[in-house]
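The values are calculated or read from the model by the stated rules, or taken from the named source; none is laboratory data. This is a predicted model, so every value here is computed, not measured. Here Cβ is always computed from backbone atoms with ideal geometry, including for glycine, and neighbour counts include all displayed protein chains. Surface accessibility is based on the protein's heavy atoms, side chains included, excluding ligands, DNA and RNA. Shrake-Rupley method; radii C 1.70, N 1.55, O 1.52, S 1.80 Å.
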Amino acid sequence: MITANEFIPSHYTQSVESGFFQWSAPSNIALVKYWGKKDNQIPANPSVSFTLNNCKTITKLAFAKKDNHASFSFDLLFEGQTKEDFKPKIQKFLERIEIYLPFLKDYHFTIDTENTFPHSSGIASSASGMAALAMNLMSLEKALNPEMTDDYFFQKASMLARLGSGSACRSVKGQVVVWGNQANIPTSSDLFGVEFPHAIHDNFKNYQDTILLVDKGEKQVSSTVGHDLMHDHPFAERRFAQAHENLDQLIAIFESGNLEEFIKIVESEALTLHAMMMTSMPYFILMKPNTLQIINAIWKFRNETKIPVCFTLDAGANVHVLYPENTTEKVLQFIKDELVGYCQNGQYICDKIGNGAVLI
Ligand code: DP6
(Lines give C-alpha, C1' and ligand atoms only; values in the text may rest on other atoms or scores of the structure.)
Protein backbone atom coordinates (compact mmCIF):
# COMPACT_ATOMS: atom_id res chain seq x y z
CA MET A 1 0.00 0.00 0.00
CA ILE A 2 1.29 3.45 -0.87
CA THR A 3 1.87 5.72 2.12
CA ALA A 4 1.94 9.52 2.11
CA ASN A 5 5.69 9.42 2.83
CA GLU A 6 6.31 8.13 -0.67
CA PHE A 7 5.26 11.55 -1.95
CA ILE A 8 8.06 13.33 -0.07
CA PRO A 9 10.80 13.88 -2.68
CA SER A 10 14.40 13.26 -1.70
CA HIS A 11 16.06 15.57 -4.23
CA TYR A 12 15.50 17.42 -7.51
CA THR A 13 17.76 16.99 -10.52
CA GLN A 14 16.94 20.28 -12.29
CA SER A 15 16.73 23.92 -11.35
CA VAL A 16 14.07 26.21 -12.78
CA GLU A 17 14.22 30.01 -12.47
CA SER A 18 10.84 31.19 -13.66
CA GLY A 19 7.97 30.39 -15.97
CA PHE A 20 4.31 29.48 -15.89
CA PHE A 21 1.87 26.63 -16.39
CA GLN A 22 -1.84 26.66 -17.01
CA TRP A 23 -4.28 23.86 -16.23
CA SER A 24 -8.02 23.49 -16.30
CA ALA A 25 -9.70 21.12 -13.86
CA PRO A 26 -13.38 20.21 -13.75
CA SER A 27 -15.85 19.96 -10.94
CA ASN A 28 -17.27 16.53 -10.11
CA ILE A 29 -20.52 15.17 -8.74
CA ALA A 30 -20.44 12.39 -6.17
CA LEU A 31 -22.78 9.41 -6.54
CA VAL A 32 -21.68 7.83 -3.26
CA LYS A 33 -20.96 10.76 -0.99
CA TYR A 34 -17.95 11.70 1.11
CA TRP A 35 -19.34 13.10 4.37
CA GLY A 36 -17.17 12.80 7.44
CA LYS A 37 -13.39 12.76 7.64
CA LYS A 38 -10.50 11.75 9.84
CA ASP A 39 -7.30 13.75 10.39
CA ASN A 40 -5.30 14.87 7.34
CA GLN A 41 -8.31 14.86 5.04
CA ILE A 42 -8.66 11.08 5.20
CA PRO A 43 -12.27 10.23 4.30
CA ALA A 44 -14.42 8.38 6.82
CA ASN A 45 -15.88 6.40 3.92
CA PRO A 46 -15.12 5.86 0.24
CA SER A 47 -16.90 7.87 -2.45
CA VAL A 48 -17.30 7.73 -6.23
CA SER A 49 -18.05 10.56 -8.64
CA PHE A 50 -18.68 11.44 -12.23
CA THR A 51 -16.14 13.96 -13.45
CA LEU A 52 -17.87 16.92 -15.11
CA ASN A 53 -16.92 18.48 -18.41
CA ASN A 54 -18.10 22.09 -18.63
CA CYS A 55 -17.92 23.34 -15.03
CA LYS A 56 -14.21 24.01 -14.74
CA THR A 57 -11.61 26.20 -13.09
CA ILE A 58 -8.79 27.47 -15.27
CA THR A 59 -5.69 28.45 -13.33
CA LYS A 60 -2.43 29.93 -14.53
CA LEU A 61 0.46 29.61 -12.12
CA ALA A 62 3.42 31.90 -12.76
CA PHE A 63 6.55 31.39 -10.67
CA ALA A 64 9.87 33.18 -10.17
CA LYS A 65 12.72 32.24 -7.83
CA LYS A 66 13.13 34.62 -4.88
CA ASP A 67 16.02 35.29 -2.50
CA ASN A 68 14.23 35.05 0.81
CA HIS A 69 13.10 31.47 1.50
CA ALA A 70 11.54 32.11 4.90
CA SER A 71 7.87 32.26 3.98
CA PHE A 72 5.31 31.61 1.24
CA SER A 73 4.84 34.43 -1.20
CA PHE A 74 1.95 34.60 -3.66
CA ASP A 75 -0.53 36.92 -5.32
CA LEU A 76 -4.00 35.74 -6.10
CA LEU A 77 -6.10 36.98 -9.00
CA PHE A 78 -9.67 35.85 -9.53
CA GLU A 79 -11.04 36.76 -12.96
CA GLY A 80 -8.22 39.26 -13.32
CA GLN A 81 -8.85 41.05 -9.99
CA THR A 82 -6.87 40.71 -6.76
CA LYS A 83 -8.84 38.57 -4.39
CA GLU A 84 -7.65 38.95 -0.81
CA ASP A 85 -10.43 36.85 0.77
CA PHE A 86 -9.29 33.68 -1.04
CA LYS A 87 -5.72 34.05 0.27
CA PRO A 88 -6.06 32.43 3.74
CA LYS A 89 -7.38 29.23 2.18
CA ILE A 90 -4.42 29.09 -0.23
CA GLN A 91 -1.97 29.94 2.55
CA LYS A 92 -3.34 27.03 4.60
CA PHE A 93 -3.15 24.76 1.57
CA LEU A 94 0.51 25.65 0.97
CA GLU A 95 1.31 25.01 4.63
CA ARG A 96 -0.32 21.58 4.45
CA ILE A 97 1.49 20.51 1.29
CA GLU A 98 4.92 22.05 1.96
CA ILE A 99 6.31 18.75 3.25
CA TYR A 100 5.49 17.17 -0.14
CA LEU A 101 6.70 20.10 -2.26
CA PRO A 102 9.79 21.42 -0.48
CA PHE A 103 10.41 24.04 -3.18
CA LEU A 104 7.32 26.11 -2.36
CA LYS A 105 9.14 28.78 -0.36
CA ASP A 106 11.79 29.20 -3.09
CA TYR A 107 9.37 30.93 -5.45
CA HIS A 108 7.02 33.85 -5.64
CA PHE A 109 3.78 32.65 -7.25
CA THR A 110 1.08 34.49 -9.13
CA ILE A 111 -2.08 32.42 -9.18
CA ASP A 112 -4.48 33.65 -11.81
CA THR A 113 -7.76 31.78 -11.73
CA GLU A 114 -11.23 31.82 -13.27
CA ASN A 115 -14.28 29.57 -13.42
CA THR A 116 -16.35 28.69 -16.48
CA PHE A 117 -19.51 28.59 -14.40
CA PRO A 118 -21.20 31.75 -13.20
CA HIS A 119 -19.66 33.49 -10.23
CA SER A 120 -21.54 32.83 -6.96
CA SER A 121 -23.82 30.29 -8.62
CA GLY A 122 -23.75 28.17 -5.50
CA ILE A 123 -21.61 25.64 -7.37
CA ALA A 124 -18.65 24.90 -5.17
CA SER A 125 -15.43 25.81 -6.93
CA SER A 126 -13.24 24.26 -4.25
CA ALA A 127 -12.98 20.90 -6.04
CA SER A 128 -12.07 22.30 -9.45
CA GLY A 129 -10.02 25.16 -7.98
CA MET A 130 -7.85 23.05 -5.72
CA ALA A 131 -7.40 20.43 -8.43
CA ALA A 132 -6.28 23.04 -10.98
CA LEU A 133 -3.77 24.51 -8.54
CA ALA A 134 -2.43 21.06 -7.60
CA MET A 135 -1.93 20.19 -11.30
CA ASN A 136 0.12 23.36 -11.83
CA LEU A 137 2.27 22.68 -8.78
CA MET A 138 2.89 19.15 -10.05
CA SER A 139 3.92 20.53 -13.45
CA LEU A 140 6.52 22.63 -11.66
CA GLU A 141 7.70 19.61 -9.67
CA LYS A 142 7.95 17.63 -12.90
CA ALA A 143 10.14 20.38 -14.37
CA LEU A 144 12.40 19.97 -11.32
CA ASN A 145 12.35 16.19 -11.65
CA PRO A 146 11.62 15.22 -15.29
CA GLU A 147 12.16 11.54 -14.45
CA MET A 148 8.80 11.45 -12.67
CA THR A 149 6.35 8.79 -13.95
CA ASP A 150 2.81 9.64 -15.04
CA ASP A 151 1.39 7.48 -12.26
CA TYR A 152 3.33 9.42 -9.66
CA PHE A 153 2.34 12.73 -11.28
CA PHE A 154 -1.39 12.06 -11.22
CA GLN A 155 -1.51 10.25 -7.88
CA LYS A 156 0.44 13.00 -6.19
CA ALA A 157 -1.62 15.74 -7.89
CA SER A 158 -4.76 14.08 -6.53
CA MET A 159 -3.22 13.68 -3.09
CA LEU A 160 -2.25 17.36 -2.98
CA ALA A 161 -5.69 18.41 -4.22
CA ARG A 162 -7.24 16.32 -1.43
CA LEU A 163 -5.32 18.35 1.12
CA GLY A 164 -6.92 21.50 -0.33
CA SER A 165 -10.44 20.09 -0.42
CA GLY A 166 -11.36 16.43 -0.12
CA SER A 167 -13.60 16.18 -3.17
CA ALA A 168 -10.91 17.92 -5.28
CA CYS A 169 -8.93 14.68 -5.38
CA ARG A 170 -11.65 13.26 -7.65
CA SER A 171 -11.21 16.08 -10.22
CA VAL A 172 -7.81 15.06 -11.61
CA LYS A 173 -8.10 12.14 -14.02
CA GLY A 174 -10.77 9.81 -15.34
CA GLN A 175 -14.51 9.89 -15.95
CA VAL A 176 -15.54 7.88 -12.92
CA VAL A 177 -13.30 8.34 -9.91
CA VAL A 178 -13.14 6.46 -6.62
CA TRP A 179 -11.57 7.91 -3.52
CA GLY A 180 -11.11 5.90 -0.34
CA ASN A 181 -10.21 2.32 0.44
CA GLN A 182 -12.77 -0.18 -0.76
CA ALA A 183 -12.10 -3.91 -0.56
CA ASN A 184 -13.42 -4.79 -4.05
CA ILE A 185 -11.55 -1.97 -5.77
CA PRO A 186 -7.93 -3.06 -5.51
CA THR A 187 -6.35 0.22 -6.65
CA SER A 188 -8.47 2.39 -4.33
CA SER A 189 -6.76 4.54 -1.72
CA ASP A 190 -7.60 6.92 1.11
CA LEU A 191 -4.78 9.16 -0.12
CA PHE A 192 -5.91 9.96 -3.67
CA GLY A 193 -8.64 9.39 -6.23
CA VAL A 194 -8.25 6.60 -8.82
CA GLU A 195 -10.04 5.92 -12.08
CA PHE A 196 -12.77 3.37 -11.52
CA PRO A 197 -10.94 0.23 -12.68
CA HIS A 198 -13.85 -2.09 -13.60
CA ALA A 199 -16.11 -2.24 -16.65
CA ILE A 200 -18.61 0.57 -17.30
CA HIS A 201 -21.68 -0.09 -19.44
CA ASP A 202 -22.42 2.08 -22.48
CA ASN A 203 -25.55 3.38 -20.72
CA PHE A 204 -23.23 5.63 -18.75
CA LYS A 205 -21.38 6.93 -21.81
CA ASN A 206 -21.78 10.70 -22.05
CA TYR A 207 -24.09 10.65 -19.03
CA GLN A 208 -25.74 14.05 -18.68
CA ASP A 209 -25.85 16.30 -15.61
CA THR A 210 -28.00 19.40 -15.73
CA ILE A 211 -27.41 21.50 -12.64
CA LEU A 212 -30.47 23.44 -11.50
CA LEU A 213 -29.43 26.56 -9.59
CA VAL A 214 -32.00 26.73 -6.85
CA ASP A 215 -30.23 28.98 -4.41
CA LYS A 216 -27.12 30.98 -5.05
CA GLY A 217 -26.73 32.38 -1.54
CA GLU A 218 -23.91 31.60 0.86
CA LYS A 219 -24.49 28.30 2.63
CA GLN A 220 -25.28 28.70 6.35
CA VAL A 221 -23.06 25.72 7.15
CA SER A 222 -19.84 25.01 5.23
CA SER A 223 -18.93 21.47 4.15
CA THR A 224 -15.95 21.55 6.47
CA VAL A 225 -18.21 22.18 9.47
CA GLY A 226 -20.68 19.56 8.21
CA HIS A 227 -17.93 16.93 7.95
CA ASP A 228 -16.89 17.75 11.49
CA LEU A 229 -20.40 17.14 12.80
CA MET A 230 -20.06 13.49 11.74
CA HIS A 231 -17.81 13.03 14.80
CA ASP A 232 -20.11 11.81 17.59
CA HIS A 233 -23.01 11.67 15.13
CA PRO A 234 -25.55 9.06 16.28
CA PHE A 235 -25.80 7.43 12.83
CA ALA A 236 -22.20 7.86 11.67
CA GLU A 237 -20.95 4.29 11.91
CA ARG A 238 -23.97 2.85 10.13
CA ARG A 239 -23.71 5.53 7.46
CA PHE A 240 -20.03 4.84 6.82
CA ALA A 241 -20.79 1.12 6.47
CA GLN A 242 -23.67 1.93 4.10
CA ALA A 243 -21.37 3.93 1.81
CA HIS A 244 -19.17 0.82 1.42
CA GLU A 245 -22.25 -1.29 0.65
CA ASN A 246 -23.56 1.21 -1.90
CA LEU A 247 -20.20 1.47 -3.63
CA ASP A 248 -20.03 -2.33 -3.81
CA GLN A 249 -23.45 -2.41 -5.41
CA LEU A 250 -22.45 0.27 -7.90
CA ILE A 251 -19.60 -1.91 -9.17
CA ALA A 252 -22.14 -4.42 -10.51
CA ILE A 253 -24.51 -1.68 -11.69
CA PHE A 254 -21.80 0.09 -13.68
CA GLU A 255 -21.08 -3.20 -15.42
CA SER A 256 -24.68 -4.24 -16.12
CA GLY A 257 -25.98 -0.75 -16.97
CA ASN A 258 -29.04 -1.34 -14.76
CA LEU A 259 -30.37 2.22 -14.52
CA GLU A 260 -33.22 1.36 -12.17
CA GLU A 261 -30.75 0.12 -9.57
CA PHE A 262 -28.40 3.02 -10.32
CA ILE A 263 -31.17 5.50 -9.57
CA LYS A 264 -32.01 3.83 -6.26
CA ILE A 265 -28.45 4.12 -5.00
CA VAL A 266 -27.85 7.63 -6.28
CA GLU A 267 -31.06 9.18 -4.93
CA SER A 268 -30.74 7.34 -1.63
CA GLU A 269 -27.17 8.64 -1.27
CA ALA A 270 -28.30 12.22 -1.88
CA LEU A 271 -31.10 12.02 0.67
CA THR A 272 -28.89 10.21 3.18
CA LEU A 273 -26.31 13.00 2.93
CA HIS A 274 -28.98 15.53 3.79
CA ALA A 275 -30.42 13.24 6.47
CA MET A 276 -26.99 13.30 8.13
CA MET A 277 -27.16 17.10 8.16
CA MET A 278 -30.66 17.08 9.62
CA THR A 279 -29.61 14.65 12.36
CA SER A 280 -26.35 16.38 13.34
CA MET A 281 -26.12 18.37 16.55
CA PRO A 282 -26.50 21.23 15.82
CA TYR A 283 -28.84 20.14 13.00
CA PHE A 284 -29.25 22.07 9.79
CA ILE A 285 -31.06 21.95 6.46
CA LEU A 286 -29.45 23.00 3.19
CA MET A 287 -32.35 22.04 0.92
CA LYS A 288 -34.83 24.77 0.03
CA PRO A 289 -38.54 24.40 -0.71
CA ASN A 290 -37.76 24.42 -4.43
CA THR A 291 -35.27 21.57 -3.98
CA LEU A 292 -38.18 19.40 -2.81
CA GLN A 293 -40.48 20.70 -5.55
CA ILE A 294 -37.91 19.61 -8.12
CA ILE A 295 -37.40 16.19 -6.53
CA ASN A 296 -41.15 15.56 -6.54
CA ALA A 297 -41.48 16.73 -10.14
CA ILE A 298 -38.66 14.39 -11.20
CA TRP A 299 -40.33 11.45 -9.46
CA LYS A 300 -43.66 12.22 -11.11
CA PHE A 301 -42.07 12.60 -14.56
CA ARG A 302 -40.11 9.38 -14.14
CA ASN A 303 -43.22 7.49 -13.05
CA GLU A 304 -45.26 8.74 -15.96
CA THR A 305 -42.68 8.46 -18.74
CA LYS A 306 -40.42 5.64 -17.45
CA ILE A 307 -37.48 7.79 -18.55
CA PRO A 308 -34.56 6.93 -16.22
CA VAL A 309 -33.83 10.42 -14.99
CA CYS A 310 -32.81 10.97 -11.37
CA PHE A 311 -31.41 13.61 -9.06
CA THR A 312 -28.51 14.02 -6.73
CA LEU A 313 -27.57 16.81 -4.37
CA ASP A 314 -24.29 18.09 -3.04
CA ALA A 315 -23.95 20.10 0.14
CA GLY A 316 -26.43 22.76 -0.93
CA ALA A 317 -29.87 23.43 -2.37
CA ASN A 318 -28.98 22.98 -6.05
CA VAL A 319 -30.17 19.85 -7.81
CA HIS A 320 -28.09 17.79 -10.25
CA VAL A 321 -30.39 16.09 -12.77
CA LEU A 322 -28.69 12.94 -14.09
CA TYR A 323 -29.82 11.10 -17.23
CA PRO A 324 -28.49 8.95 -20.08
CA GLU A 325 -27.49 10.66 -23.31
CA ASN A 326 -30.28 9.09 -25.39
CA THR A 327 -32.96 10.78 -23.23
CA THR A 328 -31.43 14.26 -23.49
CA GLU A 329 -34.04 15.81 -25.73
CA LYS A 330 -37.00 14.70 -23.62
CA VAL A 331 -35.40 15.50 -20.30
CA LEU A 332 -34.30 18.96 -21.42
CA GLN A 333 -37.83 19.67 -22.58
CA PHE A 334 -39.13 18.52 -19.19
CA ILE A 335 -36.60 20.78 -17.43
CA LYS A 336 -37.65 23.75 -19.55
CA ASP A 337 -41.35 23.08 -19.11
CA GLU A 338 -41.48 22.11 -15.47
CA LEU A 339 -38.29 22.76 -13.53
CA VAL A 340 -36.88 26.09 -14.69
CA GLY A 341 -39.53 27.91 -12.65
CA TYR A 342 -37.93 26.55 -9.46
CA CYS A 343 -34.46 27.86 -10.39
CA GLN A 344 -33.20 31.22 -9.19
CA ASN A 345 -33.48 33.58 -12.18
CA GLY A 346 -34.35 30.51 -14.26
CA GLN A 347 -30.68 29.51 -14.28
CA TYR A 348 -29.35 26.04 -15.00
CA ILE A 349 -26.14 24.62 -16.43
CA CYS A 350 -25.95 21.74 -18.89
CA ASP A 351 -23.02 19.50 -18.17
CA LYS A 352 -22.02 15.89 -18.74
CA ILE A 353 -19.35 13.38 -17.86
CA GLY A 354 -15.82 14.55 -18.72
CA ASN A 355 -12.24 13.34 -18.53
CA GLY A 356 -10.45 15.39 -15.90
CA ALA A 357 -7.77 18.04 -15.78
CA VAL A 358 -6.08 19.34 -18.95
CA LEU A 359 -2.78 21.16 -19.46
CA ILE A 360 -3.44 24.22 -21.60
C1 DP6 B 1 -21.33 16.73 -0.06
O2 DP6 B 1 -14.74 18.31 -0.45
O3 DP6 B 1 -16.20 20.33 -0.03
O4 DP6 B 1 -19.96 17.35 -1.89
O5 DP6 B 1 -12.76 18.34 2.27
O6 DP6 B 1 -13.82 20.02 3.78
O7 DP6 B 1 -13.16 20.67 1.44
P8 DP6 B 1 -13.63 19.57 2.36
O9 DP6 B 1 -15.09 19.16 1.89
P10 DP6 B 1 -15.69 19.02 0.43
O11 DP6 B 1 -16.95 18.05 0.76
C12 DP6 B 1 -17.76 17.62 -0.28
C13 DP6 B 1 -18.93 16.91 0.25
C14 DP6 B 1 -20.00 16.54 -0.74
C15 DP6 B 1 -19.90 15.06 -1.13
C16 DP6 B 1 -18.85 14.67 -2.11
O17 DP6 B 1 -18.45 15.46 -2.98
O18 DP6 B 1 -18.44 13.48 -2.02
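Key figures
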item	result
Virtual spin-label span in nm between residue 206 and residue 12, 7 Å along Cα→Cβ	4.3
Separation between Cα centres of the stretch 74-132 and the stretch 276-349, rounded to whole Å	31
Within the accessible area of the chain (1.4 Å probe), percent carbon and sulfur	50
Distance in nm between pseudo-label sites at residue 305 and residue 255 (7 Å out along the Cβ direction from Cα)	3.2
Mean separation of Cα contacts under 8 Å, 6 or more apart, over the residue count of the chain: relative contact order %	24
Pair residue 1, residue 235: separation of 7 Å Cα→Cβ label points (nm)	2.8
Sequence ranges 252-260, 160-168, ranked by mean other-Cβ count within 10 angstrom, highest first	160-168, 252-260
Pairs from 60/173; 60/219; 37/60; 83/142; 156/352 whose Cα-Cα separation, in the structure shown, is over 24 Å	60/219; 37/60; 83/142; 156/352
Mean residue ellipticity (222 nm) of the chain, computed from DSSP H runs ≥ 4 via -39,500 (n - 2.57), nearest 500	-10500 deg cm²/dmol
Positive minus negative residues near residue 330 (Lys, Arg vs Asp, Glu; Cβ under 14 Å)	-2
Percent of Cα-Cα distances greater than 24 Å, calculated over the stretch 94-247	47
Alpha-carbon radius of gyration plus Dmax, which is the widest Cα pair, for the stretch 4-198 in Å	16.1, 50
Enclosed volume per residue, in Å³, of the convex hull spanned by Cα atoms of the stretch 1-110	165
The chain - convex hull of alpha carbons, volume per residue in Å³	136
Cα-centred dipole magnitude for the stretch 169-249, charges only on beta-carbon of K, R (+1) and D, E (-1), debye, nearest 20	200
Full-stretch length increase - residue 292, residue 86 - with 0.36 nm per residue and alpha-carbon distance subtracted	70.9 nm
Radius 15 Å from Cβ of residue 181, net charge of other residues (Lys, Arg +1; Asp, Glu -1)	+1
Solvent-accessible ranking of 23, 299, largest area first, probe 1.4 Å	299, 23
Accessible surface, 1.4 Å probe, highest first, among residues 320, 244, 11	11, 244, 320
Solvent-accessible surface (1.4 angstrom probe) belonging to residue 279, in square angstrom, nearest 10	50
Gain in span if fully extended, residue 68 to residue 95, counting 0.36 nm per residue against the direct Cα distance	8.0 nm
Sequence-separation-based contact order of the stretch 5-99, relative, with Cα cut under 8 Å and 6+ spacing, percent	27
Spatial extent of the stretch 114-175: Rg and Dmax, with the Cα atoms as the point set, Å	12.5, 41
For residue 292, solvent-accessible area (1.4 Å; no DNA, RNA or ligand), Å²	90
Relative frequency of Cα-Cα separations exceeding 25 Å in the stretch 207-352, percent	33
Accessible-area ranking of 238, 170, 96, largest first, probe 1.4 Å	238, 96, 170
Å² of accessible area per residue within the stretch 156-236, as computed with a 1.4 Å probe and no ligands counted	39
Share of pairwise Cα separations in the stretch 45-101, more than 15 Å, in percent	68
